[in-house]
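Comments concern the structure below.
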Amino acid sequence: MRTVKIAVATVLATAALYGCSKGQEAPAQGAPPVTVATALSQQVVDWDEFTGRFEATRNVDVRARVGGYIQQVHFKDGDFVRQGQLLFTLDPRPAQAALASARAQLAQAEAQSALAKADLARAETLLASQAVSQAEFDAKKAAVQTADAALAAANAAIRARTLDLEFTRVTAPISGRVSDRRVDPGNLIGGGSSAGDILTTIVSSSPIYFVFDGSEATALKYQRESAKGAVPIKVRLQDETEFTHAGTLDFTDNAIDPASGTIRLRAVIPNANGFLKPGMYGHAQLAGAASYQAMLVPDSAVIADGPRRLVYIVAKDGTVGAKPVQLGPVVNGLRVVRSGLTPDDRVIINGQQRARPGQKVTAQNGEIKPSDAAANPAPTTAASTASSATFVNAG
């Protein structure tokens, strides 16, 4: 009897479960939803990225052109100085004494010259009456020439001593930012040669160079571009997120380093406010070519298929297709598509994981927009130059 009850209960439970299952049966699965959009068409410029340092266009070690005691310093450390501005004064008294001695020697030479000329004039008169010999006349004439030479030497000595006196005033040879003074007043310094004491240094501030290394391919590329006109460059500093310092490429070195296979390149950048300093480190973008019309899609819409890169597109009937594409650099979060797409292709920009080629999907229209905050480019080396791009302002 107990066995019968258990069997009946089992049948009733099975029937109840079957009824519930039949009553709650889900509807057939529909086509998965995806978001599609046509590629964004925009003028862009490709940029190659480098790292380098700023260098002064002119850099001068300030030395005195004569030796002596430092009497006074006429600048503050770190000042901006103009060419010809007084920086140091040396004790002028030794130079003044030497100049006075040279002037005395000049007066002596002038007196000897006047006497020699007077003797020659008398000898000419006596020679006409044959009161002196020709040899004596020639001696008087040679004495005049000797006196004239001595006079010229005395005048040269005056000019030299005048320069020595002038050189006791050490002035700025160029305009630029001066360093700190290396010698204080009261010190005796040597001067007049490259071995003389360095009093301070001056570096020009505007414009400024940005120097970096590039590969042989880079050098060839930009040599050809420079033949068409100035090649623009943009630089950002370590604490900056945008490339705000603009200039032009102006120099490519005359040889490639055989050890590294790189070549030195240089750009000129305006620096009117003097903010950029020699030795600063920066990231540069060098325009790789003229602007061109490009199609852009979100980088997340690109699918890796081994060595190939694909994007999924949706046909008018909702069928998913895959298109191989050739890609370019990333600009503001969007990937440049060099080939493989047409302007009418509806690219899946969201929901790729729910789509398969040949499968039907429900396409919802979206829009491709550039990101306002592009990621900062990573530092690069000449051996592995990065690429990026920027939009061209059509306005």
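A short reminder: the numbers here are calculations on the coordinates, not readings from a lab. Here the structure is a predicted model, which is why all the values come from computation and not from measurement. A quick note on method: Cβ atoms are made from the backbone with ideal geometry, for glycine too, and the neighbour counts reach across all protein chains shown.
Across Q108, Q130, Q359, mean-square fluctuation computed from a Gaussian network of the chain (C-alpha pairs under 10 Å connected) peaks at Q130. Note on the chain: Cα-Cα pairs beyond 35 Å make up 62% of the total pair count. If one computes the Cα centroid of segment 136-200 and of segment 278-331, what distance in Å separates the two points? With segment 136-200 and segment 278-331 each reduced to a Cα centre, they are spaced 68 Å. Between S113, S226, S205, the GNM of the chain built on Cα springs shorter than 10 angstrom shows S113 fluctuating the most. Using only Cα atoms, find the angle between the long axis of helix 2-23 and the longest principal axis of the chain, and express it within 0 to 90 degrees, rounded to the nearest 10. Rounded to the nearest ten degrees, it is 50. Helix 134-166 and the longest principal axis of the C-alpha atoms of the chain enclose an angle of approximately 40°. Less than 5 angstrom separates the built amide H of T38 from those of V347, all sequence-distant by 5 or more or on a different chain. Helix-only arithmetic for the chain: the sum of -39500 (n - 2.57) across DSSP H runs with n ≥ 4, divided by the residue total, places the mean residue ellipticity at 222 nm at -9000 deg cm²/dmol.
Within a Cβ distance under 13 Å of I70, other residues only, what is the Lys/Arg minus Asp/Glu net charge?
+1
Tally Lys and Arg at +1 and Asp and Glu at -1 over the other residues with C-beta under 12 Å from the C-beta of G321: what net charge comes out? Could the numbers behind the result be given before it?
On the way: positive: K316, K323, R346, R356, K360; negative: D317, D345.
Surrounding charge for G321 is +3.
Within 10 Å, count the other beta carbons around each residue, average over each peptide in 295-302, 146-153, and list them highest first. Please report the intermediate quantities before stating the final value.
Numbers: 295-302: 20.0, 146-153: 15.5.
Highest mean packing first, the order is 295-302, 146-153.
Cα extents for segment 92-167 along the principal axes, largest to smallest and rounded to whole angstrom: 56, 13, 11. Cα extents for segment 247-361 along the principal axes, largest to smallest and rounded to whole angstrom: 61, 38, 24.
Computed over the Cα atoms of segment 303-364, pair by distinct pair, the Kirkwood hydrodynamic radius stands at 12.3 angstrom. Sequence-ordered 3J(HN,Hα) estimates for segment 209-223 from the Karplus curve with 6.51, -1.76 and 1.60 and θ = phi - 60° stand at 8, 10, 10, 8, 9, x, 6, 4, 4, 5, 4, 4, 4, 7, 5 Hz, glycine and proline given as x. Between A95, A118, A246, the GNM of the chain built on Cα springs shorter than 10 angstrom shows A118 fluctuating the most. The value obtained for segment 31-96, namely the Cα convex hull volume divided by the number of residues, is 229 Å³ per residue.
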